[in-house]
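Notes follow once the structure below has been shown.
The values are calculated or read from the model by the stated rules, or taken from the named source; none is laboratory data. Values in this document were obtained by computation on a predicted structure and should not be read as measured data. Glycine also receives a Cβ, built like all others from the backbone with ideal geometry; neighbour counts cover every protein chain displayed. The accessibility values were calculated without ligands, DNA or RNA, using every heavy atom of the protein model including side chains. Shrake-Rupley method; radii C 1.70, N 1.55, O 1.52, S 1.80 Å.
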Amino acid sequence: TLFPYTTLFRSSRLYVLSAGILRQVSDDHSLVAEHVRAGLLPESALRTHPQRNIVSRTIGFEPEVEPDTGSFTLADDETLLLCSDGLFGAVVEEELAPVVAGADLEAAVRELIDMANAAGGPDNITVVLGRLAG
């Protein structure tokens with residue numbers, strides 16, 4: 001199934017879980033993420049750099065904003081995770097995949113929010129899970 005998407009700002013991410021591996025589909029729009037993509041900073045800077053919260057694209061501050069659009073093929077039993085930086089900023093990706101892989105998506109959402117809160121809940125926490133049933 002072809003899955004189209006549009007992302008607009010830094011504070012949310014779209015992931016796909018396939019065969020136990022969580023892959024980020026969307027791009028972050030932050031100064032540090034842009035430097036990582038350009039090869040100027042290592043990927044570890046996304047979590048540790050002091051300027052990681054400087055946003056390069058947002059809604060409401062510029063007269064026009066260009067969204068990212070794209071599509072990818074979503075296979076049966078793959079899971080989508082859409083989440084805010086309240087989750088991905090608090091919980092490392094390696095800890096997300098086993099929870100997202102669970103059979104009960106509603107329970108997984110609650111567990112992910114609990115994990116983010118246990119890590120300090122530094123921001124609003126939004127989690128949406130969906131799975132293409134085979």
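Separation between the Ala75 and Ala97 pseudo-spin-labels, each 7 Å from Cα along Cα→Cβ, expressed in nm?
1.5
Just the number please: accessible area per residue for the chain, 1.4 Å probe, all protein chains included, in Å².
Numbers: 7770 Å² over 134 residues.
With the other protein chains kept in place, the chain gives 58 Å² per residue.
Calculate the radius of gyration of the Cα atoms of the chain to one decimal place, then report Dmax, the largest Cα-Cα distance, as a whole number, both in Å.
In Å, with Rg to one decimal and Dmax whole: 15.1, 44.
Full extension from Ala38 to Arg23: what is 0.36 nm times the residue separation minus their Cα-Cα distance, to one decimal in nm?
Extra length from Ala38 to Arg23 when fully extended: 3.5 nm.
On a 0 to 90 degree scale, rounded to 10, what angle separates helix 105-118 from the longest Cα axis of the chain?
Here the helix axis deviates by roughly 40 degrees.
Using a 1.4 Å probe on the protein heavy atoms, what percent of the accessible area of segment 18-134 belongs to carbon and sulfur?
51
For a quick check: with amide H placed at 1.01 Å from N, whose amide H comes under 5 Å from Ser30's, ignoring anything fewer than 5 positions away on the same chain?
Residues meeting the amide H criterion: Ser56.
At q = 0.18 Å⁻¹, what log₁₀ I(q)/I(0) does segment 86-134 have when each alpha carbon counts as one equal point scatterer in the Debye sum?
-0.50
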